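Asker: This is the structure I want to talk about, given as structure tokens.
The values are calculated or read from the model by the stated rules, or taken from the named source; none is laboratory data. On a predicted model such as this, the values are computed, not experimentally measured, just so you know. Virtual Cβ from ideal backbone geometry, glycine too; neighbours counted across all protein chains shown. Heads up: the accessible areas ignore ligands, DNA and RNA and are worked out on the full protein's heavy atoms, side chains in. Shrake-Rupley method; radii C 1.70, N 1.55, O 1.52, S 1.80 Å.
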Amino acid sequence: MCALAERGTVFTSASAPSSWTLPSHTTMFTGAPPALHGVEWDDLAMDPGHATLPEVLHDAGWFTGGWWTGWFLAGDYGFSRGFDVYDNAMTGGRDIERQYRAALSAENYDLVRSILAGRDTLGHQDITTPNVLRALEATIESIDDKQDAFLFAHLFDAHYDYIPKAPFDTQFDPDYAGSMTGQNFYKNEAIFDDSKSPARQVSDRDLEHLRALYQGEIAYIDTYIGRMVDALEKAGRLENALLVITADHGDEFFEHGNRGHRQSLSAEVLQVPLLIIQPGGSGRRSDVVVGLTDILPTIAEFAGVDAPATSLGRSLLPAVRGEDLEDRGQLGSLLHYDLFRNEYLFMDSYRTRDTKIIRTMGLDEEHRLQLKRIERFDLAQDPGESSGSRDRKAIAASPEWAAFQAALQRVTDAYIDANPAPRGERGTKVRELFSHDLANLGYAEASGDSVPGGLGQPWPPGPRPKVEIE
Ligand SMILES: [Zn+2]
């Protein structure tokens, strides 16, 4: 990636729109922030009426191929739309998909649950990047030389579990003599134990080792990115290619008291790498404030196609060419069910060059959103967002708050224009599974109609009602 950066642009202030895979990828595929695409819960698929990037390119005559790993990229969510080829690259993944669908249609929920447990373990422990490379190489060779191609490779190995192969397992922490491994990272009680306070159990030294294993995974992936670029070069496609390398979110290593992601909107989970290489480009760094909403318009401009109406970002190609591009404040959002505190939390955030506001809301008895906490961080002094101001009056009077509200209003207006399909038409098969599971956890009402929106999500997809902060 460093070698590629010598002829591309590294965006140092790029934000993901959420801290987990499903909403963040949906944004990349539609250009819409989560409050517009609405895919903020495990059981929701993309709106069938909204076009995706592969659909737009396919309609323009492009070959479209994608390889996915990690179950939130499953075609059922809408990711397969518009692809000539959209393949599960997990080891044995297609068999598991077949068994899973059969068990669901037979309503054999015991089997469904056991397949689900097994597939989650597989998702985290499987090493998939070589599978993606193999599929990509074979496809690149088979595409008609005269046809334009859009290729999407989802590389999951940097995701926990952190179990890099040699020599990457020791590369970043060669002297470690302890017993901590990256196996079972999320559920390992020697790392995090929710029944204790504080929940963090891991020592500083072992945590340093876990970070080194994470770095090892990234270094491992990096070698495969090199091989993917080689495959493009061998096929004579590299010199005309636009390469976009990014991530859907980061992982937390107790910067804010937790591990992994999908729990917060802090810098370590929302700030993502973004590297764009254009033919004939030269190496530069850009600190302009950008986001994953900009990926689709960037590729659309390069391909000479119109972005779908739901796409609210802007093309980053001017910055790649070295032209000026203004900062654009970035929205973040996360809908989160806190199983241990038995409550729904909804967080949203707004990032500018120098500040970030993070707001946390909960539901009252009538399922109305209530402010729980709001913080404003000075990123120049505190880039890690460790301690912010909680002065609600001062935040409400700040220009960033006004810009935050204006950005939310733009999304609300776009939502009305986009004429979204009713929620009932947007469920995936995951829905049946998810409600079944919650009922078994003693949280039956989350699967019924007593919660607005039903089926686990406490309100319909789309923009949230306004919540005053004073
Ligand atoms: Zn992810």
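Asker: Identify all residues within segment 216-233 that are open to solvent by 50 Å² or more (accessible area, probe 1.4 Å), free of Cβ contacts under 8 Å to residues at least 60 places away in the same chain and of a type outside the set (Ser, Thr, Tyr); write none if there are none.
Answerer: Answer for segment 216-233, where residues must be open to solvent by 50 Å² or more (accessible area, probe 1.4 Å), free of Cβ contacts under 8 Å to residues at least 60 places away in the same chain and of a type outside the set (Ser, Thr, Tyr): Asp230, Glu233.
Asker: For the structure I just gave you, tell me whether His336 is outside the structural domain of Thr52 (by TED's automatic domain parsing) and on the phi > 0 side of the Ramachandran plot.
Answerer: No; evaluated as a whole, the condition is false for this residue.
Asker: While we're here: Within 22 Å of Lys187 (Cβ to Cβ), in contact with a helix residue (DSSP H, G or I) (Cβ under 8 Å, 6 or more places away or on another chain) and surrounded by 17 or more Cβ atoms within 10 Å (Cβ to Cβ): which single residue out of Gly78, Gly70 fits that description?
Answerer: Result of the check over Gly78, Gly70: Gly70.
Asker: When you check Leu57 against the structure, is it open to solvent by less than 20 Å² (accessible area, probe 1.4 Å), among the hydrophobic types (A, V, I, L, M, F, W, C) and within 21 Å of Ala303 (Cβ to Cβ), yes or no?
Answerer: For Leu57, the condition - open to solvent by less than 20 Å² (accessible area, probe 1.4 Å), among the hydrophobic types (A, V, I, L, M, F, W, C) and within 21 Å of Ala303 (Cβ to Cβ) - is met.
Asker: Examine segment 207-218 for a residue that is more than 16 Å from the ligand (Cβ to nearest atom) and of a type in the set (Val, Ile, Thr), and state whether such a residue exists.
Answerer: no
Asker: Take the residues in segment 142-154 that are part of a loop (DSSP other than H, G, I, E, B) and open to solvent by less than 40 Å² (accessible area, probe 1.4 Å), then tell me which one is farthest from the ligand (Cβ to nearest atom).
Answerer: Ile143
Asker: Within segment 184-215, how many residues turn out to be farther than 15 Å from Asp161 by Cα and open to solvent by less than 30 Å² (accessible area, probe 1.4 Å)?
Answerer: Residues that pass the stated criteria total 3.
Asker: OK, next. Of everything in segment 3-28 that's part of a helix (DSSP H, G or I) and away from the ligand (no atom under 16 Å from the Cβ), which residue is surrounded by the fewest Cβ atoms within 10 Å (Cβ to Cβ)?
Answerer: Out of the qualifying residues, it is Ala3.
Asker: Starting from segment 77-98, keep only residues that are more than 23 Å from Ile143 (Cα to Cα), then list their pairs with residues that are surrounded by 17 or more Cβ atoms within 10 Å (Cβ to Cβ) and among the basic types (Lys, Arg) whose Cβ atoms are within a distance under 6 Å, requiring at least 6 positions of separation or different chains.
Answerer: Ile96/Arg119
Asker: Test each condition in (1) within 16 Å of the ligand (Cβ to nearest atom); (2) in a loop (DSSP other than H, G, I, E, B) for Ser333 and report the one that comes out false.
Answerer: (2)
Asker: Do we have any residue at all in segment 249-260 that's closer than 30 Å to Gly304 by Cα and touching a residue at least 12 places away in the same chain (Cβ under 8 Å)?
Answerer: yes
Asker: Shifting gears a bit: Only one residue in Tyr214, Tyr186, Tyr162, Tyr176 is farther than 28 Å from Ser24 by Cβ and aromatic (Phe, Trp, Tyr), so which one is that?
Answerer: It is Tyr176.
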